[in-house]
Amino acid sequence: MQLPDAAVALDKIDSCIQELVTPQQYRTWFQSLKITEITQNDITFSVSNNFLREWISHYYQDTIRKAVFQVYGRNLKISICSDPDSESGNDHIKTKTSGSNRTSREKQPPVRNRDYHQNPALVSRPGNPDIVLNSKYTFDNFIIGPSNQLAYAAAVAVSDFSSLTYNPLFLHGSVGLGKTHLLQAVCHKQLITSRERKILYLSCETFTNQFISAIETGDLRNFRNKYRHIDLILVDDIHLIANKERTQEEFFHTFNSLYNAGKQIVLSSDSPPSEIPTLQERLISRFKWGLVAQIEPPNFETRFAILRKKAHLLGHEVPDDILNFLAENVNTNIRELEGAITKVIGYSVLTESPLDLALSHRAMRDVLKTNSSKITIDDIVRVTTKKFNVKLSDLQSKKRNQSITLPRQICMYVAKKHTPLSLQEIGGYFGGRDHTTVIYAIDKITKAMKNNEQLYQNVSDVMIKLGKD
Ligand code: ADP
Ligand code: MG
């Protein structure tokens, strides 16, 4: 049987779903639905977060099954996965026909998510098929507050292209605070205002993978040609270049070549340049040449404004007391805020109950419970000192014998992984140590865990005791 192209299938399935649910349910649950893979017998969908996946799997499995049946005339095995990256639109939909392992990426142009399918002008243009963006990540949809003001202003300035004052622009901050959103907003603005400029938006992982393929196929010349002849490059999550020596080397040359040619470079990272483990000094210094702007967690007012905006984008007006409740209780990052507002609206739609504070409390019960069980550095120290039979005062002392150093380094590693503390704060906790000591500890434990089984077990034991296995 001939399989319809994934994009066509998605559009058809989508229309069927729209007939089966109310417009409100569609807006709340199905907006991010995409097809990630189709074979003769299976179809895999993705949605943008775990909560949506669970909800759809639980309540709408039947709806999707009916829609698939209408399109294919038979039942396919349906899987639904969550893919946070799918929100950034970075991935490409794949189709597979049985007997062939070739993906559509090799044969056909990438198929974008729905928003873009309807608005192709915004995604690609001649000579630049790579650029695939999330239509919602625009400057207009970005709420500004003290925590992100500088990053926002610098991103706007870069997108104006009038000068190279901030070159490179280096944005850093923890996960879910809007780095990808700002990078893509720069792209959107560029695509609208200066269509002839060549821009390249990609993740550090894509750069690394393409570099490795170029080495494997002996096609470095093409690779370099592609990366060194653009007007604006935006590399998301550049911290993933840590521990990749050859990629760092190559990126160093890409950077120099673009910089010297007066091209704009924008980078995002989860930590400032000097805190990216194993990053070569020469890259650290280059990353600081322009503007390094940090995005911090939003304050209450910004969280409130973001919640209102997100509710609006979901097509709902949510009363202030609910926004207040959510802004007060969800204070980790913006992705979580989005999850919270989606969840509350979802509860109301599904149970057909009015959107009030009592319902919001019910909807958020589990999330708030998990938040309150967040681990602290004191928990980490308590578990680790017990396991290694050492005292906190030892960990905080200047002692450097192995029996003390190892548990101290494990604490630092776990603290970085599971608490929001900065490297400075972690170093400070352990006897006022410098942040470079913490970087060293994290790097050492990360590497040692790969080939030292005993150490791996010890770290796992600590994580399990903390409920983070
Ligand atoms: P990061 O790349 O820093 O991990 P993202 O850019 O992916 O974070 O942001 C996570 C989510 O939060 C996205 O859906 C994004 O649209 C939203 N978001 C982040 N910052 C803001 C903001 N200031 N205003 C509105 N939405 C935001
Ligand atoms: Mg990101």
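The values are calculated or read from the model by the stated rules, or taken from the named source; none is laboratory data. What you see is a predicted model; the values in this text were computed from it and never measured. A quick note on method: Cβ atoms are made from the backbone with ideal geometry, for glycine too, and the neighbour counts reach across all protein chains shown. The accessibility values were calculated without ligands, DNA or RNA, using every heavy atom of the protein model including side chains. Shrake-Rupley method; radii C 1.70, N 1.55, O 1.52, S 1.80 Å.
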Kindly indicate whether any position in region 143-165 is within 16 Å of ligand 2 (Cβ to nearest atom) and open to solvent by 20 Å² or more (accessible area, probe 1.4 Å). yes
Identity of the residue in region 425-457, of a type in the set (Phe, Trp, Tyr) and in a helix (DSSP H, G or I), that ends up farthest from the chain's Cα centre (by Cα): TYR429
Tally up the residues in region 1-10 that are open to solvent by 60 Å² or more (accessible area, probe 1.4 Å) and either within 20 Å of ILE56 (Cβ to Cβ) or modelled with pLDDT of 75 or more (or both), please. 1
Members of region 166-180 that are within 16 Å of ligand 2 (Cβ to nearest atom) and under 23 Å from ARG195 (Cα atoms): LEU169, THR180
From (1) within 12 Å of ligand 1 (Cβ to nearest atom); (2) open to solvent by 10 Å² or more (accessible area, probe 1.4 Å), pick out the condition that doesn't hold for SER213. (1)
If you check SER348, SER271, SER353, which single one turns out to be polar (S, T, N, Q) and in contact with a strand residue (DSSP E or B) (Cβ under 9 Å, 6 or more places away or on another chain)? SER271
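Could you check region 181-206 and list, in sequence order, the residues that are within 16 Å of ligand 2 (Cβ to nearest atom) and either closer than 15 Å to ASP231 by Cβ or in contact with a His (Cβ under 9 Å, 6 or more places away or on another chain) (or both)? Working first, answer last.
Step one: of region 181-206, the residues within 16 Å of ligand 2 (Cβ to nearest atom) are 181-188, 201-206.
Hits for region 181-206 are VAL186, CYS187, TYR201, LEU202, CYS204.
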How many of the residues making up region 276-310 are touching a Ser or Thr at 6+ places or on another chain (Cβ under 9 Å), part of a helix (DSSP H, G or I) and open to solvent by less than 30 Å² (accessible area, probe 1.4 Å)? 3
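Of these, SER403, SER460, which one is in a helix (DSSP H, G or I) and open to solvent by less than 40 Å² (accessible area, probe 1.4 Å)?
Residue meeting the stated conditions: SER460.
Within region 216-236, can you find the residues that are among the hydroxyl-bearing types (Ser, Thr, Tyr) and open to solvent by less than 20 Å² (accessible area, probe 1.4 Å)? Talk me through it step by step, then tell me what you get.
Step one: of region 216-236, the residues among the hydroxyl-bearing types (Ser, Thr, Tyr) are 217, 227.
Once the filter is applied, which keeps residues that are among the hydroxyl-bearing types (Ser, Thr, Tyr) and open to solvent by less than 20 Å² (accessible area, probe 1.4 Å), region 216-236 yields only TYR227.
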Quickly run through region 166-206 and pick out the residues that are open to solvent by less than 30 Å² (accessible area, probe 1.4 Å) and among the charged types (D, E, K, R). LYS179
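Kindly provide the set of residues from region 1-44 that are part of a helix (DSSP H, G or I) and closer than 17 Å to GLY315 by Cβ, ordered by number. Walk me through it before giving the result.
Keep residues of region 1-44 that are part of a helix (DSSP H, G or I), which gives 6-20, 23-30.
Within region 1-44, ASP14, ILE17, GLN18, PRO23, GLN24, GLN25, TYR26, ARG27, THR28, TRP29, PHE30 qualify.
Report yes if PHE325 is surrounded by fewer than 16 Cβ atoms within 10 Å (Cβ to Cβ), in contact with a helix residue (DSSP H, G or I) (Cβ under 7 Å, 6 or more places away or on another chain), farther than 22 Å from THR436 by Cα and not aliphatic (A, V, I, L, M), otherwise no. Before the answer, list the steps.
Values: surrounded by fewer than 16 Cβ atoms within 10 Å (Cβ to Cβ): no; in contact with a helix residue (DSSP H, G or I) (Cβ under 7 Å, 6 or more places away or on another chain): yes; farther than 22 Å from THR436 by Cα: yes; not aliphatic (A, V, I, L, M): yes.
The answer is no for PHE325.
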Would you point out the residue of region 174-190, among those that are out of contact with any strand residue (DSSP E or B) (no Cβ under 6 Å at 6 or more places or on another chain) and of a type outside the set (A, V, I, L, M), that is farthest from ligand 1 (Cβ to nearest atom)? LYS189
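Given the condition of a type in the set (Val, Ile, Thr), more than 18 Å from ASP434 (Cα to Cα) and open to solvent by 70 Å² or more (accessible area, probe 1.4 Å), answer yes or no: does some residue in region 377-399 qualify?
Within region 377-399, the first condition is being of a type in the set (Val, Ile, Thr), and the residues that meet it are 377, 380-381, 383-385, 390.
Filter once more, keeping what is more than 18 Å from ASP434 (Cα to Cα): 380-381, 383-385, 390.
Keeping just the survivors that are open to solvent by 70 Å² or more (accessible area, probe 1.4 Å) gives none.
Checked region 377-399: no residue is of a type in the set (Val, Ile, Thr), more than 18 Å from ASP434 (Cα to Cα) and open to solvent by 70 Å² or more (accessible area, probe 1.4 Å).
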Restricting attention to region 423-435, which residues are surrounded by fewer than 20 Cβ atoms within 10 Å (Cβ to Cβ) and either free of Cβ contacts under 8 Å to residues at least 60 places away in the same chain or touching a Ser or Thr at 6+ places or on another chain (Cβ under 6 Å) (or both)? GLN424, GLU425, GLY428, GLY431, GLY432, ASP434
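Tell me which residues, restricted to region 244-266, are among the polar types (S, T, N, Q) and more than 26 Å from the chain's Cα centre (by Cα).
Here is the first cut: in region 244-266, the residues among the polar types (S, T, N, Q) are 247-248, 254, 256-257, 260, 264.
Answer for region 244-266, where residues must be among the polar types (S, T, N, Q) and more than 26 Å from the chain's Cα centre (by Cα): ASN256, SER257, ASN260.
Can you tell me how many residues within region 237-270 are of a type in the set (A, V, I, L, M) and loosely packed, with under 14 Cβ neighbours inside 10 Å? Reasoning before the result, please.
Step one: of region 237-270, the residues of a type in the set (A, V, I, L, M) are 238, 240-242, 258, 261, 265-267.
Then drop every residue that is not loosely packed, with under 14 Cβ neighbours inside 10 Å, which leaves 261.
Count: 1.
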Suppose we keep only residues that are among the acidic types (Asp, Glu) and under 14 Å from LYS77 (Cα atoms) within region 18-53. Which one would you say is nearest to the chain's Cα centre (by Cα)? GLU37
